[in-house]
Amino acid sequence: CPHCPQTEETIYHYLFVCLQYQPERHVLAQALGWKATSLSHLLPNPAAIPHLVHYINKTHHLKSILGKILMPTT
């Protein structure tokens, strides 16, 4: 992880552990409650996707790879 010395950057670390993203994680937890703390509830849950996209965009962590992620309109 670029923010946590000697720590491997994993999806779990990025979403749930890295202190750099604590404010964004707090917003995610406020929106989704306990479901924001579990990969098995967060990733496959269609209702969580907008909140997860917001988290990813606010952290700017994947911006150099993906750019800004937009939600499709229905």
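Of the residues Lys35, Lys58, only one is basic (Lys, Arg) and under 10 Å from the mean Cα position of the chain (by Cα); which? Break it down into steps so the answer makes sense when it comes.
On the way: Lys35 fails: under 10 Å from the mean Cα position of the chain (by Cα).
Just one listed residue meets the conditions, Lys58.
Restricting to helices (runs of 4 or more DSSP H) lying wholly in the chain: which have 3 or more residues that are hydrophobic (A, V, I, L, M, F, W, C) and at pLDDT 90 or above?
Working: elements: 22-32, 39-42, 49-59, 63-66.
Of the helices (runs of 4 or more DSSP H) lying wholly inside the chain, those with at least 3 residues that are hydrophobic (A, V, I, L, M, F, W, C) and at pLDDT 90 or above span 22-32.
Give me the pairs: first residue in the range 41-59 and on the phi > 0 side of the Ramachandran plot, second residue outside any loop (DSSP other than H, G, I, E, B), beta-carbon distance under 7 Å, and six or more apart or on different chains, which are they?
As it stands, the answer is none, since no pair meets every condition given.
Report, by residue number, each residue of the range 17-37 that is surrounded by fewer than 17 Cβ atoms within 10 Å (Cβ to Cβ) and of a type outside the set (Gly, Ala, Ser).
Matches in the range 17-37: Val17, Leu19, Gln20, Gln22, Pro23, His26, Val27, Gln30, Trp34, Lys35, Thr37.
The values are calculated or read from the model by the stated rules, or taken from the named source; none is laboratory data. No experiment lies behind these values; they were computed from the predicted model shown. Ideal geometry is used to build each Cβ from the backbone, glycine not excepted, and the neighbour counts take in all protein chains shown.
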